[in-house]
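Structure record follows, encoded as C-alpha cells.
Each reported figure results from applying straightforward, stated rules to the coordinates on display, with no laboratory input. Only a predicted model underlies this, so the values are computations on that prediction, with no experimental measurement involved. Counting neighbours? That spans all protein chains shown, and the Cβs are built from the backbone with ideal geometry, glycine included.
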Amino acid sequence: MSEEPCQCPDCQRFYREHDRLIRENPSLRQQQELNWAALQSFRTLAGRVLEELQKQYGDSEAPVPAPSEPAKADTTEEPDAMQQAMADLENINAHLFSIEALMERIFDVRVPEEVEQKFREVAGELAPDPLNADRLRLNRLLHQTPDLPDHRP
C-alpha cells in the first residue's frame with residue numbers, strides 16, 4: 001500500500017517547487033548548474049550575514065557581567081542567543097563548504113545527448129506541466145468536488 005503525500009501547506013509548497021525545478025531544468029547539465037548556483041547563493045548569503053553579525057556583535061563570547069553589576073535578563077539573553085546564532089552560521093558555512101567539495105565531483109560527469117534526452121523525458125513524467133490541458137482535465141476528473149458544475153452525485 002503506497003503512502004499518500006502529505007497535504008499540509010508546507011509540503012504542498014515543496015511539491016510545487018520540486019516539480020517546477022524539474023520542469024524548468026529537465027537535463028543533467030541544468031540540474032548540475034541549478035544545484036551549484038543554489039549552493040553558492042546559500043554560502044554567499046550565509047557568509048555575508050555572519051560577517052555582518054561578527055562586525056556588529058564581535059567574534060568573541062559576550063562579556064560576563066562582573067559580580068558587582070546586576071545582571072539584566074534582556075541584555076544577557078540577547079548576546080547569548082546571538083553568539084549561538086553566529087556559531088550555528090559558522091557550522092552551516094562549514095557544512096556548505098563540505099557539500100561544495102563533494103558537488104565538484106558532479107561536474108566531472110558529462111553524458112551523451114541521448115542521456116540528456118532521457119532526462120528531459122523522465123522530467124516530463126515526474127513533473128508534468130500542471131497547466132497542460134490534458135492534466136487539468138485529468139485532475140478535474142480525479143478530484144471532482146460538489147462545487148464543480150459538472151459534479152453528479
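Some values worked out for this structure:
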read-out: Relative exposure of Phe97, Phe119, judged by other C-beta atoms within 10 Å (fewest first); value: Phe97, Phe119
read-out: Projected-area mean, region 5-46, by convex hull of Cα positions, square nanometres; value: 3.7
read-out: Linear extension gain, Glu113 paired with Leu39, 0.36 nm per residue minus alpha-carbon span; value: 24.0 nm
read-out: Cβ-based exposure ranking for Lys118, Lys55, in which fewest neighbours within 10 Å come first; value: Lys55, Lys118
